[in-house]
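The structure is given below, and queries will be raised subsequently.
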Amino acid sequence: MNGKRIKLPGCHFTAVWEFHVRPDKRRAFERAYGPNGDWAKLFRSGEGYIRTELIRDRHVLGRYVSLDFWTSRLAYQKFRTQNLAAYKAIDKRCEALTQSEKCIGEFQKTVPAYLLPANTNWWRPAAPENFAIRQATINDVPAMLALSHEAPSSASWSESLYRDVFNPGAPARIALVNEHGRLLAGFVVARVNAEDCELENVVVSRATRRRGIGSKLVAALLQEARDRGVQRVFLEVRDSNSAARALYEKCGFEINGRRKSYYRDPLEDAALYTRQL
């Protein structure tokens, strides 16, 4: 499988909505409309749903934009038709949270997953960049080790542990890297055990952070896990690692427990997350 390119799940249709939220309801709104909120939970029951993103305007207080990603407009319409009663029930329950809402548009091709909060010009397409995700090989170990040293919050693996990932006699693992030219921009490693998969490490280089690389790596991992028959992906993360937790929640993971005083230096709880496939 060396050199195999990973095809990311396509986003062929996106519904984009704008909301102006009541000042005292912003927290409740974020819970209801966020990637793990009431709407997303309902959407997950529909075939063809991919994910939801919620963006808050930095300059206009109470202004939000939501993006609901589906494989096709047909899948979205079919879901609406088959779940009309549940859809209306949540909509009525959420009426008190907003001052106004409107559909900005429905997009047939991939919509950029970020918005720029600058007056009315809040949308900007992502600039094309030469990034590619592929299967990792043992030749990537030195670069993976170097990247992990840049990220103190990543798993503290030795070089021998990274090399064991590619040992034919070792437990089955998924190891993917994101290349930028000839340089590694990031990587993800996960251990597969029958229908379960543990996400062990995900690292993005300092030079290429905030470009969605972590999200793309996790999305590629989830797709590869599905291809291998995995039904559940789980992980643990430091309670204070807000950046990693935001990434996992953006990718559809839900918190399902804690481990008291799990981490050392410093002593800290672990937050446990799970994603059903």
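Could you pull out the residue among 52, 98 that is more than 30 Å from residue 226 (Cβ to Cβ) and modelled with pLDDT of 85 or more?
Numbers: 52 fails: more than 30 Å from residue 226 (Cβ to Cβ).
Exactly one residue qualifies, and that residue is 98.
Out of everything in segment 32-69 that is of a type in the set (Ser, Thr, Tyr), in a strand (DSSP E or B) and touching a residue at least 40 places away in the same chain (Cβ under 8 Å), what residue ends up being nearest to residue 254 (Cα to Cα)? Walk me through it before giving the result.
Our first condition is that a residue be of a type in the set (Ser, Thr, Tyr); within segment 32-69, this holds for 33, 45, 49, 52, 64, 66.
Filter once more, so that each one left must be in a strand (DSSP E or B): 49, 52, 64, 66.
With touching a residue at least 40 places away in the same chain (Cβ under 8 Å) added as a condition, the list becomes 64, 66.
Details: 64: 22, 66: 19 Å.
The residue in question is 66.
Could you give every pair whose Cβ atoms fall below 8 Å, whose first residue belongs to segment 217-233 and is assigned by TED's automatic domain parsing to the domain that holds residue 255 and surrounded by 13 or more Cβ atoms within 10 Å (Cβ to Cβ), and whose second residue is in a loop (DSSP other than H, G, I, E, B) and β-branched (Val, Ile, Thr), counting only separations of at least 6 or pairs across chains?
Going by the 8 Å Cβ cut-off, the qualifying pairs are 220/6; 223/6; 224/6.
Return the residue satisfying two criteria in turn: it lies in segment 76-111 and is touching a residue at least 40 places away in the same chain (Cβ under 8 Å) and hydroxyl-bearing (Ser, Thr, Tyr), and of such residues it is nearest to residue 33 (Cα to Cα).
98
Please count how many residues of segment 152-190 are surrounded by fewer than 17 Cβ atoms within 10 Å (Cβ to Cβ) and not in a loop (DSSP other than H, G, I, E, B).
Total satisfying the criteria: 6.
Given 81, 14, which one is part of a strand (DSSP E or B) and either β-branched (Val, Ile, Thr) or closer than 26 Å to residue 255 by Cα (or both)? So that I can check it myself, show each step before the final result.
Values: 81 fails: part of a strand (DSSP E or B).
Exactly one residue qualifies, and that residue is 14.
Give the number of residues within segment 191-216 that are assigned to a helix (DSSP H, G or I) and surrounded by 15 or more Cβ atoms within 10 Å (Cβ to Cβ). Spell out the reasoning first.
Within segment 191-216, the first condition is being assigned to a helix (DSSP H, G or I), and the residues that meet it are 206-208, 213-216.
Adding the requirement that they be surrounded by 15 or more Cβ atoms within 10 Å (Cβ to Cβ) leaves 208, 213-216.
Qualifying residue count, segment 191-216: 5.
Give the residue that is nearest to residue 226 (Cα to Cα), with candidates limited to residues of segment 142-151 that are surrounded by fewer than 19 Cβ atoms within 10 Å (Cβ to Cβ) and in contact with a helix residue (DSSP H, G or I) (Cβ under 6 Å, 6 or more places away or on another chain).
145
Has segment 105-127 got at least one residue that is at pLDDT 85 or above, surrounded by 11 or more Cβ atoms within 10 Å (Cβ to Cβ) and either among the hydrophobic types (A, V, I, L, M, F, W, C) or within 22 Å of the chain's Cα centre (by Cα) (or both)?
First pass over segment 105-127, keeping only residues at pLDDT 85 or above: none.
Within segment 105-127, not a single residue is at pLDDT 85 or above, surrounded by 11 or more Cβ atoms within 10 Å (Cβ to Cβ) and either among the hydrophobic types (A, V, I, L, M, F, W, C) or within 22 Å of the chain's Cα centre (by Cα) (or both).
Counting just the residues of segment 234-244 that are within 15 Å of the chain's Cα centre (by Cα) and at pLDDT below 90, which one comes out surrounded by the most Cβ atoms within 10 Å (Cβ to Cβ)?
Checking each candidate, the answer is 244.
Also: Hey, can you tell me all the residues within segment 220-268 that are over 17 Å from residue 44 (Cβ atoms) and touching a Phe, Trp or Tyr at 6+ places or on another chain (Cβ under 6 Å)?
If the condition is that a residue be over 17 Å from residue 44 (Cβ atoms) and touching a Phe, Trp or Tyr at 6+ places or on another chain (Cβ under 6 Å), then 235, 238 are the ones that fit.
Sticking with this one: Looking only at residues in segment 250-261 that are surrounded by 16 or more Cβ atoms within 10 Å (Cβ to Cβ) and not basic (Lys, Arg), which one is farthest from residue 50 (Cα to Cα)? Walk me through how you get there before you give the answer.
Taking segment 250-261 and keeping what is surrounded by 16 or more Cβ atoms within 10 Å (Cβ to Cβ), we get 250-253.
Subset that is not basic (Lys, Arg): 251-253.
On the way: 251: 10, 252: 9, 253: 13 Å.
So, considering only residues that are surrounded by 16 or more Cβ atoms within 10 Å (Cβ to Cβ) and not basic (Lys, Arg), the one farthest from residue 50 (Cα to Cα) is 253.
Still on this structure, please answer the following. Going through segment 187-207 one residue at a time, which ones are over 15 Å from the mean Cα position of the chain (by Cα) and over 16 Å from residue 228 (Cβ atoms)?
205, 206, 207
If you go through segment 70-93 one residue at a time, how many are of a type in the set (Val, Ile, Thr) and either loosely packed, with under 12 Cβ neighbours inside 10 Å or at pLDDT 90 or above (or both)? Spell out how you get there, then give the answer.
Taking segment 70-93 and keeping what is of a type in the set (Val, Ile, Thr), we get 71, 81, 90.
Next, from what is left, pick out any that are either loosely packed, with under 12 Cβ neighbours inside 10 Å or at pLDDT 90 or above (or both): 81, 90.
Final tally of qualifying residues: 2.
The values are calculated or read from the model by the stated rules, or taken from the named source; none is laboratory data. Keep in mind that this is a model prediction, so the values were computed, not measured. We place every Cβ from the backbone using ideal geometry, glycine too, and count neighbours over all the protein chains shown.
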